[in-house]
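Notes follow the structure.
The values are calculated or read from the model by the stated rules, or taken from the named source; none is laboratory data. Being a predicted model, the structure only gives us computed values, none of them experimental. For neighbour counting, all protein chains shown are included, and Cβ atoms are generated from backbone atoms with ideal geometry for every residue, glycine included. Side chains are part of the model used for accessible areas, which takes the heavy atoms of the whole protein and leaves out ligands, DNA and RNA. Shrake-Rupley method; radii C 1.70, N 1.55, O 1.52, S 1.80 Å.
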Amino acid sequence: MKLRLFSLIIVFCTSHFVFSKGTYKQYLCENNIQSKSNKALILWEYYIANSIDSLRILGTDLYKISSDKKSNYGKAIAQRILGCYDVRTGKIERGIRLLNASKNYFVAQNDFELICESMNEIGIAYFLQGDLETAKSFFKESMKYGEESPIATNRFLAEVNLAKVYFEKGKIPEAKFLLNHYIIASLTLKKYESVSNAYSLLGEIALNKNQIKTAQTQFDKQYFYAKKSKNAAYISRSLNNQAINAFYQGKNEVALFLFKEVLTRRKKEAFPFNTFDAYNNLARFHYPDKLDFSLKYMDSCFQIAKENNLVKKELEVYEWRFQHFQDKKNKQLIDSVKQVIQSMEKTNETIRKELFNIKPKKRKPMKSNFHWNFYILTGLSLILGMRYLFFRKKIANVISD
């Protein structure tokens with residue numbers, strides 16, 4: 001099993017490396033700033049899942065070139081790329097400012113596709129920061145603009161993220177409803193990485209309710225669709241859940257191998273949120289039999305959470321420590337972090353209200369063009385009809401003579 005999984009990882013990593021290298025070369029060779037910016041968006045989609053550090057290089061390069069060429073479109077794309085980099089590397093406040101600047105440009109341009117995607121990214125930023133209320137507002141707005149977007153996947157882009165918010169808030173029926181719709185929509189468009197992502201969360205929900213067999217089934221489905229997607233990041237997530245499956249089946253050696261493999265991959269991906277989870281899983285794997293190992297891994301979790309402003313993750317560490325030590329200090333820290341989150345949500349209430357005031361123009365309906373074409377065709381028909389009657393009369397006169 002270990003050899004088969006390792007071979008699978010090598011194949012997927014190699015194919016994605018070839019893809020990114022080829023696309024980046026095309027990006028460098030492109031002189032038209034509009035086309036260059038569009039190629040940067042393709043690379044953004046790849047790098048955000050597979051190479052966070054590359055986002056900074058790409059975004060910085062595009063911003064400089066766009067500034068030189070005075071392209072506001074290119075600058076907006078660069079701001080989005082750099083904003084995503086900042087959010088995923090702990091500089092969340094600056095990331096939100098960049099993403100908002102990018103979003104505002106697309107609102108002014110009435111670009112529903114990029115408004116939808118920007119709203120989703122800003123929602124992710126607030127989610128990572130721990131402000132679930134503001135994250136929820138942005139995910140809902142993303143879904144609203146997705147309905148107007150010409151890109152079919154935008155209509156359900158933020159559904160899985162909104163489901164994560166509902167899960168965190170304990171609203172399980174709402175989360176499952178969104179996830180089931182998300183799976184159907186994703187399968188229709190053969191977006192297997194999205195299907196895999198949804199089954200991962202369904203597995204988490206089942207685990208949370210101590211429904212072990214259901215969780216195992218969902219994680220197996222996640223693994224199946226992750227393989228079909230051939231996306232290295234989704235493979236990492238599915239390997240993590242296969243490790244959980246192995247652990248509950250009593251296959252501790254396989255589980256430990258996979259947990260360590262996931263940690264290695266998460267470190268390379270350089271997305272602190274996921275690296276935290278990899279350390280957290282190893283901490284829980286060793287608890288309580290090897291408490292020293294467990295505490296060591298949990299200390300790594302704490303360091304990642306503090307350095308990257310992951311407030312809810314920091315709360316998880318305090319809750320775990322309190323569960324183990326039952327001490328007054330960690331109880332106080334839990335209460336303190338909860339107050340920070342509540343304060344953050346209250347501060348951002350104005351931002352949530354402002355979302356409802358954004359009113360981009362509606363797309364122009366096609367009926368104006370239809371009417372114009374109708375008038376042209378009607379006019380041509382009348383001319384042809386009159387000519388037909390004229391020649392018919394002329395022929396009749398010739399025959400009668």
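Details
- Filter pass, K75 being out of contact with any helix residue (DSSP H, G or I) (no Cβ under 7 Å at 6 or more places or on another chain) and more than 17 Å from N120 (Cα to Cα): no
- A count restricted to the stretch 167-182 and to residues that are assigned to a helix (DSSP H, G or I) and more than 20 Å from C116 (Cβ to Cβ) stands at 9.
- Restricting the stretch 62-71 to residues that are without any contact (Cβ under 8 Å) to a residue 24 or more places away in the chain and hydroxyl-bearing (S, T, Y) leaves a set whose member that is most open to solvent (accessible area, probe 1.4 Å) is Y63.
- Selection status of I172, modelled with pLDDT of 95 or more and either within 17 Å of D220 (Cα to Cα) or crowded, with 24+ Cβ neighbours inside 10 Å (or both): no
- Residues that are closer than 20 Å to T60 by Cα and of a type in the set (G, A, S), drawn from the stretch 92-114: G95, A101, S102
- Pair list, Cβ < 7 Å and 6+ apart or interchain, from the stretch 174-193 residues that are touching a residue at least 12 places away in the same chain (Cβ under 8 Å) to residues that are surrounded by fewer than 19 Cβ atoms within 10 Å (Cβ to Cβ): L189/A152; L189/T153; K191/T153; Y192/K228
- Any chance I52 is within 15 Å of the chain's Cα centre (by Cα), open to solvent by 30 Å² or more (accessible area, probe 1.4 Å) and touching a residue at least 12 places away in the same chain (Cβ under 8 Å): no
- Checked against the criterion of being on the phi > 0 side of the Ramachandran plot and touching a residue at least 12 places away in the same chain (Cβ under 8 Å), the candidates G83, G74, G130 yield just one match: G130.
- Counting the residues of the stretch 142-166 that are open to solvent by less than 30 Å² (accessible area, probe 1.4 Å), β-branched (V, I, T) and either under 14 Å from S118 (Cα atoms) or within 12 Å of the chain's Cα centre (by Cα) (or both) gives 1.
- Selected residue (only one of A215, A198 is over 14 Å from Y182 (Cα atoms), in contact with a helix residue (DSSP H, G or I) (Cβ under 7 Å, 6 or more places away or on another chain) and open to solvent by less than 30 Å² (accessible area, probe 1.4 Å)): A215
- Residue satisfying all of: in the stretch 350-360; part of a helix (DSSP H, G or I) and touching a residue at least 60 places away in the same chain (Cβ under 8 Å); least open to solvent (accessible area, probe 1.4 Å) among these: L355
Residue-wise test of (1) in contact with a Pro (Cβ under 9 Å, 6 or more places away or on another chain); (2) open to solvent by 30 Å² or more (accessible area, probe 1.4 Å); (3) modelled with pLDDT under 95.
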residue	(1), (2), (3)
S37	no, no, no
I57	no, yes, no
T60	no, yes, no
R80	no, no, no
G90	yes, no, yes
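- Any hit, the stretch 242-258, residues being within 20 Å of the chain's Cα centre (by Cα), of a type in the set (S, T, Y) and more than 17 Å from I48 (Cα to Cα): no
- Any hit, the stretch 268-280, residues being more than 20 Å from L201 (Cα to Cα), more than 27 Å from the chain's Cα centre (by Cα) and not small (G, A, S): no
- In the stretch 211-240, the residues that are modelled with pLDDT of 95 or more and polar (S, T, N, Q): Q211, T214, Q216, T217, Q218, Q222, S238, N240
- Look at the stretch 262-289: where a residue is on the phi > 0 side of the Ramachandran plot and a partner is crowded, with 17+ Cβ neighbours inside 10 Å, sitting 6+ places away or on another chain with Cβ atoms under 9 Å, you get A270/S51; A270/I52; A270/R88; A270/T89.
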